[in-house]
1. Restricting to segment 104-114, what's the tally of residues that are under 9 Å from the mean Cα position of the chain (by Cα) and aliphatic (A, V, I, L, M)?
2. Considering only residues that are of a type outside the set (Lys, Arg) and modelled with pLDDT under 85, which ones fall in segment 259-289?
3. Mind listing just one residue for me: the one in segment 83-115 that is aromatic (Phe, Trp, Tyr) and crowded, with 17+ Cβ neighbours inside 10 Å and, of those, nearest to residue 149 (Cα to Cα)?
4. If you take the residues of segment 63-82 that are open to solvent by 50 Å² or more (accessible area, probe 1.4 Å) and at pLDDT below 90, which of them is farthest from residue 282 (Cα to Cα)?
5. Go through segment 114-146 and report how many residues are touching a residue at least 60 places away in the same chain (Cβ under 8 Å) and among the polar types (S, T, N, Q).
6. Which numbered condition trips up residue 119, out of (1) under 15 Å from residue 149 (Cα atoms); (2) surrounded by fewer than 19 Cβ atoms within 10 Å (Cβ to Cβ)?
7. Based on what the data block shows, is residue 178 open to solvent by less than 70 Å² (accessible area, probe 1.4 Å) and touching a residue at least 12 places away in the same chain (Cβ under 8 Å)?
8. Please report, ordered by residue number, the helices (runs of 4 or more DSSP H) entirely within segment 60-152 with at least 3 residues that are within 21 Å of residue 162 (Cα to Cα), out of contact with any helix residue (DSSP H, G or I) (no Cβ under 6 Å at 6 or more places or on another chain) and not hydrophobic (A, V, I, L, M, F, W, C).
Amino acid sequence: MGRVVMEMGSWFGLEQVIELLTNWWDEINESPQWQDGIFYTLCAAYALVSLVALIQLVRIEMRVPEYGWTTQKVFHLMNFVVNGVRAVVFGFHDQVFYLHPKVLTWILLDLPGLLFFSTYTLLVLFWAEIYHQARSLPTDKLKTIYVLVNGCIYFIQICIWIYLWINENSIVQFIGKVFIAGVSIVAASGFLLYGGRLFLMLRRFPIESKGRRKKLHEVGAVMAICFTCFLIRSFVMLLSAFDSSDASLDVLDHPILNFIYYMLVEILPSALVLYILRKLPPRRISAQYHPIW
């Protein structure tokens with residue numbers, strides 16, 4: 001009998017804990033203060049990543065100012081822009097949704113995601129060039145393909161924005177979200193294809209040297225991070241498209257879930273990749289200098 005009473009007491013205690021957690025979860029969801037706090041925290045996080053990218057860009061430029069805009073410099077510049085725009089959007093999230101015409105809101109919400117795609121597919125382009133060179137395959141068309149793919153994506157997105165400017169149609173808004181999800185799938189596929197190929201190719205070479213091992217770990221880590229973040233973005237954008245067509249930063253309908261989403265798909269991946277690729281190019285000591293990427 002005593003054991004039954006103890007089990008009942010434990011059960012009722014568990015119910016109370018669940019009820020408290022449920023009430024706490026609902027209170028946060030209904031609190032404008034929590035929503036603002038999460039968005040301002042995200043603003044600070046994006047601003048920090050943007051600042052780190054800018055500092056790294058300046059360091060690279062000071063190291064090799066004479067070589068021009070290498071892929072490495074462009075990558076850091078675009079990281080600075082993407083995270084900076086996100087920081088501004090989250091910092092002024094109250095004002096963003098009062099813009100007129102309403103399509104400006106859609107542009108501010110969608111453009112950073114497209115720029116994020118362009119930024120990180122630069123890594124795919126770089127890996128593709130290395131892989132093709134190692135296989136003695138032509139590389140002259142790879143940059144053209146990168147530009148064409150990005151150009152087509154931006155052209156389609158601009159057409160969607162123009163249509164929304166003329167006629168704010170819920171079906172077109174839905175198509176816009178599905179399109180962003182599709183773009184994320186393309187990016188994830190690119191990382192899996194060329195990141196995986198380069199990783200497997202590097203594994204076939206002797207890895208006694210510290211530099212070779214480091215490059216293998218670098219490619220594997222960046223591939224895993226970027227593939228995962230774009231896959232999560234695609235899945236969440238599809239869910240968001242079917243759940244609601246409205247323009248919103250509130251992707252998952254809860255402040256804490258929104259915080260986790262933006263951290264997983266943009267902030268943490270950007271911070272980790274910037275850390276992994278933090279190596280500066282060697283100082284130029286002769287005319288034989290070549291950028292590291």
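1. Residues meeting the conditions: 0.
2. 280, 281, 282, 285, 286, 287, 288, 289
3. Across segment 83-115, the extreme among qualifying residues is 106.
4. 69
5. 1
6. The failed condition is (2).
7. yes
8. Helices (runs of 4 or more DSSP H) meeting the threshold: none at all.
The values are calculated or read from the model by the stated rules, or taken from the named source; none is laboratory data. Quick caveat, the model's predicted, so the values are computed rather than measured. Cβ coordinates were reconstructed from backbone atoms using ideal geometry, including for glycine residues, and neighbour counts include every protein chain displayed. These area figures cover heavy atoms from the full protein model, side chains too; ligands, DNA and RNA do not enter into them. Shrake-Rupley method; radii C 1.70, N 1.55, O 1.52, S 1.80 Å.
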